[in-house]
Each structure stands twice: as structure tokens, then as C-alpha cells.
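Below is one structure, written out as C-alpha cells; comments come after it.
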Amino acid sequence: MRHSVIYAAGLVAIVLTACSKEKAGKDATPYITEVFEYMPAPGQFVNTMPLYEEGDTQETMNRKVLEAIGNNNRGLISLGGWGGYVVVGFDHTIENREGLCDFRVLGNAFGDEGGSSEPGIIMVSVDANGNGLPDDLWYEIAGSAHIDPAQEIWYQAARDNGNDVALHPDYSMTYLRPEQEAAASEEEEYILWEDILGRRGSIPKNKYHTQPYFPQWYGEDRLSFSGTCLPQNGIDESGEGTYYVLYKFRYGYADNDTNSGAGSVVDISWAVDSRGQSVDLPGVDFIRIYTGVNQVNGWLGECSTEIMGVEDLHLLGEEIATD
Ligand SMILES: [Ca+2]
Ligand SMILES: [Ca+2]
Ligand SMILES: [Ca+2]
């Protein structure tokens, strides 16, 4: 009997620990403190950002990602092609304050109207079961193209360019490990993929990045991802393959605007459930970001979201109203 009382006391302690995370204490940090999973899709910066070394495992790669983008270190990681993702956590719950943006995702996009926008789709989750792990329901942040792709100012130009400008909400893709590494320094059909729409394509190997592009710590030959696929935002403005512009979406995505730009901040109130309905979240404990566009832009290579960090705006004392 006595034993069960002690056990119950233990349970209470666990519940209190979970609750204490709900409000940011004075020691809380605005930055990423945990990386739960890093699984990029194949890409030209995969296995170098962060660096894969012989013997690395999923666990050691997660740790390398934390060293890069955690605790305001501001290193850079690449999520590779469409679907590649990272799941991060914090030492407190990021509060959803009414009428305000709540967090910022840092990337390496530049240009006022875009130029190098490689949008990542952002998902959020609440540690509903209080176990400290991201094994709860996920909600997607409905960015501007989730609402209406045709409102992006570059929409018609992208359409005229032959881009796929549709938003595919239940998209999935499978990448195939190459049977052998590319022999030449360049190879158009290097990593083959197929998608749920029956389309096939490839991630080409380019001469600037010669390492394997398939994540080397991943053991299987087929690597699948699912989520939303955004309209293709890259246009070859030169018409001869020399000048690609990757246009910026209006709001709600990662690595889409400059880090100081209005497009890099997110209001948790933009979250929707799997049916696209708004959800009312008091705050979030976990954030998942995945590359949102499936497009290869000539010599620039595949569109791949890069992440430099995440910041809790409230802990930073930044008050940014939601437009
Ligand atoms: Ca908010
Ligand atoms: Ca959980
Ligand atoms: Ca980028």
C-alpha cells in the first residue's frame, strides 16, 4: 500500500513537470533546445549540412543538427528536396498570444521579393500527453499559398513559365537510393523519385557538390515523405538557364523571407487540422519543418529549405502584430 502511495507521488511529480513547461520560467531560453529527428530528402547539401561522417547514426545526426541550429548557434542545416524535415523542441511552451506572431524561423533566404526563397512548411504540436516527446497530433501552419496560391504576385508568371502552380494537400514522394554513386561529376538522372500523382523525376547531381546526396545514415533503399506540396516558385528569368529567381510567398513559411523580414514570423493561430479547419492552440511545444516545393532550378539545383534556428518572439520581447 505504502509503495503505491509513493508511486502515486511519483506520478504527481511527472504531471507537475509537464505543467511547469506550460509557462516559460525565468530560465527559459527563446531558442531550440532539442532536436528529435532530422530526416532530409536527397539534395546537394545533404551529408554536408550537417556533415555525415562514417559511423554516424540517426541519433548522432540529430545531435549535430542541435549543435548547428540549437541554442542560438545559428549554423545552417539543409532539409534537401521536397518532404525532408526536422523536428525540434524547446525548454518551455511557446505561447500563442492573441493578435501577435509568436515565433520566427531563421533560414538563409535573401532578396526583397524573394530570389532565393525555398519555402519550408511549418507544423506545430502540443505535448498533449505530457511525455516530452513529439508523439501527439500535428497541425500545419496554413501559409499564404495554403489559403490561395493565385494571390501570390508571381503566380501568373510561374504559370506562364509552365510551373506546377497547384497546391497539392495530400502529396507524397518516394526517392530511390542510386544503385551506384554517380560516376561523372554531373548526372541528370542521379536520384530518381516518383510521386503520388504518378509523376517521375530526378534530383540531378551537380559539379559543385560531389558527395552522395542520399542521406547516408538511412538504411533503406526507398525514402518516402508525405505532406503538402506548394506551387513551384522558381522561374528562369534569363530564358537561357543562367538566372533563376525563386519568388517569395506572402507569409507563413520557413526560409522564404529574410530573417529580419515580415515573412519570417508565424502566428500559432494560423494552424489548421488535417481537414484544413482552424484550431485554437494556447501554445506549442514542438515544431516540424519540411521542404515545401518540389522543383529543380537548373544549375541552382533542387529547391531545399535551409534552417538556421527558431526564436520565441515573446521571450525575446518582440511584439509583432499579425496583419
Ligand atoms: Ca499568436
Ligand atoms: Ca507527447
Ligand atoms: Ca535556402
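What the table below lists for this structure:
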| read-out | value |
| --- | --- |
| Residues of the stretch 95-111 satisfying the condition of being within 16 Å of ligand 3 (Cβ to nearest atom) and on the phi > 0 side of the Ramachandran plot | Gly111 |
| Yes/no for Glu181 being within 21 Å of Gln58 (Cβ to Cβ) and of a type outside the set (A, V, I, L, M, F, W, C) | no |
| Of residues in the stretch 57-105 being farther than 23 Å from Gly261 by Cβ and basic (Lys, Arg), the one surrounded by the fewest Cβ atoms within 10 Å (Cβ to Cβ) | Arg63 |
| Test for Pro169: is it out of contact with any Phe, Trp or Tyr (no Cβ under 9 Å at 6 or more places or on another chain) and modelled with pLDDT of 95 or more | yes |
| Which listed residue is within 28 Å of Ser278 (Cα to Cα) and away from ligand 2 (no atom under 16 Å from the Cβ), from Ala142, Ala184, Ala128 | Ala142 |
| Residue ID - farthest from Leu79 (Cα to Cα), chosen from residues in the stretch 37-50 that are in contact with a helix residue (DSSP H, G or I) (Cβ under 7 Å, 6 or more places away or on another chain) and not in a loop (DSSP other than H, G, I, E, B) | Glu37 |
| One residue from Val265, Val284, Val293 being over 19 Å from Gly111 (Cα atoms), at pLDDT 95 or above and of a type in the set (A, V, I, L, M) | Val284 |
| Residues within the stretch 272-305 that are within 15 Å of Glu140 (Cα to Cα), buried (at least 18 other Cβ atoms within 10 Å of the Cβ) and away from ligand 1 (no atom under 16 Å from the Cβ), tallied | 6 |
| Residue match in the stretch 148-164 (condition: of a type in the set (Asp, Glu), out of contact with any strand residue (DSSP E or B) (no Cβ under 6 Å at 6 or more places or on another chain) and within 25 Å of Asn206 (Cβ to Cβ)) | yes |
| Test result for Trp154, away from ligand 3 (no atom under 16 Å from the Cβ) and either touching a residue at least 12 places away in the same chain (Cβ under 8 Å) or more than 24 Å from Arg250 (Cα to Cα) (or both) | yes |
| The stretch 206-224, residues that are outside any loop (DSSP other than H, G, I, E, B) and buried (at least 22 other Cβ atoms within 10 Å of the Cβ) | Leu223 |
| Residues being away from ligand 3 (no atom under 16 Å from the Cβ) and at positive phi - total across the stretch 112-140 | 2 |
| Complete set of residues in the stretch 220-278 that are closer than 22 Å to Ala158 by Cα, touching a Phe, Trp or Tyr at 6+ places or on another chain (Cβ under 6 Å) and hydrophobic (A, V, I, L, M, F, W, C) | Cys229 |
| Wholly enclosed strands (runs of 3 or more DSSP E) of the stretch 227-323 bearing at least 3 residues within 14 Å of ligand 3 (Cβ to nearest atom), in contact (Cβ under 8 Å) with a residue 60 or more places away in the chain and within 16 Å of the chain's Cα centre (by Cα) | 283-291 |
| Residues that are surrounded by fewer than 16 Cβ atoms within 10 Å (Cβ to Cβ) and not in a loop (DSSP other than H, G, I, E, B), drawn from the stretch 193-205 | Arg200 |
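Residue-by-condition table, conditions (1) of a type in the set (Gly, Ala, Ser); (2) buried (at least 16 other Cβ atoms within 10 Å of the Cβ):
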position	(1), (2)
Gly107	yes, yes
Glu113	no, no
Glu118	no, yes
Ser144	yes, yes
Asp148	no, no
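The values are calculated or read from the model by the stated rules, or taken from the named source; none is laboratory data. Values in this document were obtained by computation on a predicted structure and should not be read as measured data. As a convention, Cβ positions derive from the backbone with ideal geometry for all residues, glycine included, and neighbour counts pool all protein chains shown.
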